[in-house]
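Read the structure below first, then the notes.
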Amino acid sequence: TVMTQTPLSLSVTPGQPASISCKSSQSLMHSNGKTYLYWYLQKTGQSPQLLIYEVSSRFSGVPDRFSGGGSGTDFTLKISRVEAEDVGVYYCMQTIHVPWTFGQGTRVEIK
Amino acid sequence: EVQLVQSGGGLTQPGGSLRLSCAASGFIVSSTYVSWVRQAPGKGLEWVSAIDSGGTTYYADSVKGRFTISRDNSKNTVYLQINSLRVDDTAVYYCLRLTRWGQGILVTVSS
């Protein structure tokens with residue numbers, strides 16, 4: 001399953017919104033009704049950290065300025081107001097089809 | 001608190017072997033999926049392998065037949081045995097439960 005993220009880089013003014021798209025080459029919906037699409041942020045020199053699981057559920061401790069949405073094959077991560085601590089590379093990942101696959105990553109920087 | 005502590009990386013020659021360990025705390029490794037993901041220098045994330053709660057194992061085509069994932073329930077630890085190493089296996093290897101990643105460990109394959 002090919003995961004295609006756009007854009008590959010994003011320069012955002014603090015306080016402004018940002019949006020990242022992730023499109024999959026096939027549906028990520030399981031027969032149980034769940035959709036296994038995750039969003040991670042990898043800050044420089046760190047391990048990736050989970051932001052969003054199953055399309056739209058915010059992980060514990062993740063600020064509510066992060067939100068996820070979409071269905072089927074089209075998904076979006078939105079940051080309502082970007083802060084300096086949000087810089088890094090964002091990845092989407094699917095875990096319904098083996099091999100699990102990641103998007104190419106979207107680098108977010110602050111203007 | 002969920003934690004994954006990795007060990008076992010290092011420098012090896014092409015054709016060599018290493019065993020990576022991932023010691024878990026805060027959860028039982030046999031109760032859920034545990035996976036390995038790698039990141040070549042300056043590159044994105046690549047899923048490598050996973051083991052599910054029933055012990056079924058999954059591999060990326062690029063490592064099938066060379067890598068073996070296993071676990072020791074008594075030690076609450078997951079392993080990745082990596083054999084027939086190639087230069088392009090050079091990467092930081094992460095173990096993860098989907099909600100939490102280990103610190104990563106560098107595997108360098110060079111003559």
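List of remarks:
- Flag for B:SER53 being at negative phi, within 13 Å of the chain's Cα centre (by Cα), among the small types (Gly, Ala, Ser) and surrounded by fewer than 16 Cβ atoms within 10 Å (Cβ to Cβ): no
- Among the residues of region A:2-39, those that are more than 11 Å from A:THR106 (Cβ to Cβ), surrounded by 17 or more Cβ atoms within 10 Å (Cβ to Cβ) and of a type outside the set (Val, Ile, Thr) comprise A:MET3, A:LYS23, A:SER24, A:LEU28, A:TYR36, A:LEU37, A:TYR38.
- Among the residues of region A:1-25, those that are over 16 Å from B:LEU45 (Cα atoms), not in a strand (DSSP E or B) and not small (Gly, Ala, Ser) comprise A:PRO7, A:THR13, A:PRO14, A:GLN16, A:PRO17.
- Residue in region A:65-85 that is in contact with a strand residue (DSSP E or B) (Cβ under 6 Å, 6 or more places away or on another chain), in a loop (DSSP other than H, G, I, E, B) and within 11 Å of chain B (Cβ to nearest Cβ) present: no
- Single residue of A:LEU50, A:LEU37 found to be within 30 Å of B:VAL5 (Cβ to Cβ), of a type in the set (A, V, I, L, M), without any contact (Cβ under 8 Å) to a residue 40 or more places away in the chain and within 14 Å of another protein chain (Cβ to nearest Cβ): A:LEU50
- When B:THR68 is tested against (1) surrounded by fewer than 18 Cβ atoms within 10 Å (Cβ to Cβ); (2) under 15 Å from B:LEU96 (Cα atoms); (3) free of Cβ contacts under 8 Å to residues at least 60 places away in the same chain, only condition (2) is not met.
- Count of residues meeting criterion [farther than 15 Å from B:GLN39 by Cα, surrounded by fewer than 14 Cβ atoms within 10 Å (Cβ to Cβ) and either under 14 Å from the mean Cα position of the chain (by Cα) or among the hydroxyl-bearing types (Ser, Thr, Tyr) (or both)] in region B:73-111: 4
- Each residue in region B:19-60 was checked for being touching a residue at least 60 places away in the same chain (Cβ under 8 Å) and in contact with a Gly (Cβ under 6 Å, 6 or more places away or on another chain), and 3 of them qualify.
- Applying the criterion of being assigned to a loop (DSSP other than H, G, I, E, B) and facing another protein chain (nearest Cβ under 9 Å) to the residues of region A:53-64, the residue that is surrounded by the most Cβ atoms within 10 Å (Cβ to Cβ) is A:PHE59.
Where a number appears in this text, it was derived from the coordinates with a stated rule and is not lab data. Fair warning: this is a prediction, and the values are worked out from it, not measured in the lab. Using ideal geometry, Cβ is built from the backbone for each residue, glycine included, and neighbour counts are taken over all protein chains shown.
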